Structures are given as C-alpha cells and as structure tokens.
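The values are calculated or read from the model by the stated rules, or taken from the named source; none is laboratory data. None of the values given here were measured: they were computed from a predicted structure. Cβ coordinates were reconstructed from backbone atoms using ideal geometry, including for glycine residues, and neighbour counts include every protein chain displayed. Accessible surface areas use protein heavy atoms only, side chains included; no ligands, DNA or RNA. Shrake-Rupley method; radii C 1.70, N 1.55, O 1.52, S 1.80 Å.
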Amino acid sequence: GAVVSQHPSWVICKSGTSVKIECRSLDFQATTMFWYRQFPKQSLMLMATSNEGSKATYEQGVEKDKFLINHASLTLSTLTVTSAHPEDSSFYICSAPGPPRLARDLETQYFGPGTRLLVL
Amino acid sequence: TQLLEQSPQFLSIQEGENLTVYCNSSSVFSSLQWYRQEPGEGPVLLVTVVTGGEVKKLKRLTFQFGDARKDSSLHITAAQPGDTGLYLCAGGGGFQKLVFGTGTRLLVSP
C-alpha cells in the first residue's frame with residue numbers, strides 16, 4: 001500500500017515559537033493532502049486541505065495565519081504552527097489520497113503516523 | 001454539515017465476546033471507511049465500502065454499508081485483547097475530505 005510519513009514524530013517547544021511539521025508521500029505523488037488535529041480521547045478534525053501549487057483550503061474556525069500550509073511539491077506538504085501556545089498542543093496527522101492502482105483506491109486515503117506537539 | 005455519529009462511545013468487554021459498533025449519518029456518502037487507531041499512532045485503514053448493502057469480512061471483522069449509504073456497522077466476533085483501540089468510521093475519501101465519526105473506544109480484557 002501507499003506510505004505517508006511525517007516528521008518529526010514529536011516535538012516540544014516554548015510558547016511563542018513556531019513549529020514546522022512535514023508530511024511526505026513516499027512512493028507516490030499527492031497533489032492533495034489533508035491535515036487533521038486530534039485532541040486526547042477525541043476523533044480527528046479536519047483542519048485544511050493542502051493543494052500543490054495553490055493555496056490551502058481551511059475549515060471553518062481554523063486560523064489560516066496561525067496554521068500555515070505549504071504544498072511545495074507533489075510529495076511534500078508542510079504545516080507550520082506559528083506563535084504556538086499551550087492550547088495548540090495536540091496530535092497532528094496528515095493524509096493523502098492513494099494512487100489509483102485499483103478502482104477502490106480512488107476512495108482511499110493513507111494516513112501518516114502523526115506528530116505530537118507539546119507547547120510549554 | 002455532514003456528521004457521523006458512532007455508538008457506543010466506549011465499550012469494555014471480556015475476551016471472546018461479540019460486539020457491534022454503529023456509524024450513522026443523515027447524509028449520503030459515496031464511500032465509507034473504517035479505521036483503527038492506537039494511542040500515539042495514525043489511523044490504520046481496515047476497510048473501504050462503496051456499494052450500498054455491501055458486506056465485507058476480514059477474519060473476525062464484518063463490515064456492512066447501509067442500502068442508502070448513510071450508515072454502516074462493524075461487528076467483531078470473539079473479540080481479543082489485540083482488538084483494543086479507537087475505531088473510527090469516516091465518510092468521503094479519495095480526493096474528497098474525510099468526515100470522521102465521533103469514535104468508539106474499545107477495551108477488550110483478557
């Protein structure tokens with residue numbers, strides 16, 4: 001199956017600093033990637049849709065100036081949490097639609113392993 | 001806004017018991033996925049169902065997609081401690097954004 005990686009797997013930073021999280025599709029190209037946030041014991045909430053070569057589409061309530069998304073290439077999307085605060089501490093997960101090797105793959109998204117962010 | 005409600009929210013059972021998790025929505029989805037997630041990891045895809053009325057079996061797991069493509073269920077037979085985790089249904093997929101269900105946390109005790 002398709003593989004999506006994230007880096008770093010975890011990060012601790014001081015309040016007010018910025019943190020960059022990378023999402024890579026390892027063996028396929030992804031013109032679209034999705035960024036999710038998950039708080040403890042909760043489900044995943046979509047933050048934004050990252051589009052290669054164009055601006056990201058943010059979900060309602062997500063501050064685009066705080067969560068900067070850059071889809072620089074067909075295999076890399078980055079999420080930068082700017083001026084991080086303790087309430088931004090969460091588990092951030094990305095996903096990408098898989099390559100259509102099979103018809104059913106057209107409906108499948110592959111998830112990265114997640115990045116745990118702790119803001120002190 | 002599309003919403004997917006899962007029930008129950010939490011389930012604690014003994015090894016060997018059977019269980020069913022439900023995923024319901026008022027919206028129609030072109031496809032629906034089931035994921036299992038363990039603490040500190042990303043969701044792992046279990047199955048994708050795309051046809052109304054479809055039933056798929058993966059060993060002890062049986063997935064059903066409702067005829068109207070608004071709901072789904074996951075049935076686990078003879079649960080094992082290794083089945084413990086957060087089970088998530090999600091509608092949409094592919095190049096469409098996924099709408100995740102509220103989640104069902106399963107704990108299977110030996």
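Can you name every residue in the range A:7-21 that is part of a strand (DSSP E or B) and open to solvent by 20 Å² or more (accessible area, probe 1.4 Å)?
Step one: filter the range A:7-21 for residues part of a strand (DSSP E or B), giving A:7, A:10-13, A:19-21.
Within the range A:7-21, A:7, A:10, A:11, A:12, A:20 qualify.
Any residue in the range A:52-63 that's closer than 20 Å to residue A:97 by Cβ and free of Cβ contacts under 8 Å to residues at least 12 places away in the same chain: show its pairings with residues that are of a type in the set (A, V, I, L, M) and open to solvent by 60 Å² or more (accessible area, probe 1.4 Å) at Cβ separation under 7 Å, as long as the two are six or more apart or on different chains.
none
Which residue pairs have Cβ atoms under 7 Å apart, sit 6 or more places apart or on different chains, and have a first residue in the range B:64-81 that is at positive phi and a second that is open to solvent by 60 Å² or more (accessible area, probe 1.4 Å)?
That search, which allows pairs on different chains as well, returns B:69/B:28; B:78/B:18; B:78/B:60.
Find the residue count for the range A:22-51, including only residues that are more than 30 Å from residue B:10 (Cβ to Cβ), surrounded by 14 or more Cβ atoms within 10 Å (Cβ to Cβ) and in contact (Cβ under 8 Å) with a residue 24 or more places away in the chain. Let's see the steps before the verdict.
Taking the range A:22-51 and keeping what is more than 30 Å from residue B:10 (Cβ to Cβ), we get A:22-33, A:49-51.
From the residues that got through so far, the ones that are surrounded by 14 or more Cβ atoms within 10 Å (Cβ to Cβ) too are A:22-25, A:28, A:30-33, A:49-51.
Okay, now just the ones that are also in contact (Cβ under 8 Å) with a residue 24 or more places away in the chain, so A:22-25, A:28, A:30-33, A:50.
So the count comes out to 10.
Taking the condition of being surrounded by 17 or more Cβ atoms within 10 Å (Cβ to Cβ) and more than 10 Å from chain A (Cβ to nearest Cβ), how many residues in the range B:28-46 meet it?
Count: 3.
Mind checking whether some residue in the range A:60-67 is over 14 Å from the mean Cα position of the chain (by Cα) and surrounded by 17 or more Cβ atoms within 10 Å (Cβ to Cβ)?
no
Restricting the search to the range B:47-61, which residues are within 23 Å of residue A:4 (Cβ to Cβ) and open to solvent by 70 Å² or more (accessible area, probe 1.4 Å)?
Answer for the range B:47-61, where residues must be within 23 Å of residue A:4 (Cβ to Cβ) and open to solvent by 70 Å² or more (accessible area, probe 1.4 Å): just B:58.
Yes/no matrix, rows are residues, columns are (1) in contact with a Lys or Arg (Cβ under 6 Å, 6 or more places away or on another chain); (2) modelled with pLDDT under 95:
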{"position": "B:3", "(1), (2)": "no, yes"}
{"position": "B:8", "(1), (2)": "no, no"}
{"position": "B:29", "(1), (2)": "yes, yes"}
{"position": "B:41", "(1), (2)": "no, yes"}
{"position": "B:91", "(1), (2)": "no, yes"}
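With respect to residue A:79, is the statement that it is more than 12 Å from the chain's Cα centre (by Cα) and aliphatic (A, V, I, L, M) true? Reasoning before the result, please.
Values: more than 12 Å from the chain's Cα centre (by Cα): no; aliphatic (A, V, I, L, M): yes.
It is false that residue A:79 is more than 12 Å from the chain's Cα centre (by Cα) and aliphatic (A, V, I, L, M).
Which of the residues belonging to the range A:1-49 are closer than 24 Å to residue B:104 by Cα, at pLDDT 95 or above and hydroxyl-bearing (Ser, Thr, Tyr)?
A:36, the sole residue that qualifies.
Within the range B:77-110, restricting attention to residues that are away from chain A (no Cβ under 12 Å) and in contact with a helix residue (DSSP H, G or I) (Cβ under 6 Å, 6 or more places away or on another chain), which residue is most open to solvent (accessible area, probe 1.4 Å)?
Of all residues in the range B:77-110, those away from chain A (no Cβ under 12 Å) come to B:77-85, B:106-110.
Now restrict to residues that are in contact with a helix residue (DSSP H, G or I) (Cβ under 6 Å, 6 or more places away or on another chain): B:108, B:110.
Values: B:108: 6, B:110: 123 Å².
Applying the filter and picking the extreme gives B:110.
This table checks each residue for (1) in contact with a strand residue (DSSP E or B) (Cβ under 7 Å, 6 or more places away or on another chain); (2) of a type in the set (Gly, Ala, Ser).
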site: A:11; (1), (2): yes, no
site: A:17; (1), (2): no, no
site: A:43; (1), (2): yes, yes
site: A:73; (1), (2): no, yes
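Output the residues belonging to the range B:40-57 that are in contact (Cβ under 8 Å) with a residue 12 or more places away in the chain and part of a loop (DSSP other than H, G, I, E, B). Let's see the steps before the verdict.
Just the residues of the range B:40-57 that are in contact (Cβ under 8 Å) with a residue 12 or more places away in the chain, to begin with: B:43, B:45-53.
Correct list: B:43, B:50, B:51, B:52, B:53.
Restricting to the range B:58-110, what's the tally of residues that are part of a loop (DSSP other than H, G, I, E, B), closer than 29 Å to residue A:60 by Cα and of a type in the set (Ser, Thr, Tyr)? Even if it seems obvious, please write down each step before you answer.
Step one: list which residues in the range B:58-110 are part of a loop (DSSP other than H, G, I, E, B), which gives B:59-60, B:66-70, B:77-80, B:84, B:92-98, B:101-103, B:110.
Those left that are additionally closer than 29 Å to residue A:60 by Cα: B:68-70, B:92-98, B:101-103.
Those left that are additionally of a type in the set (Ser, Thr, Tyr): B:102.
Final tally of qualifying residues: 1.
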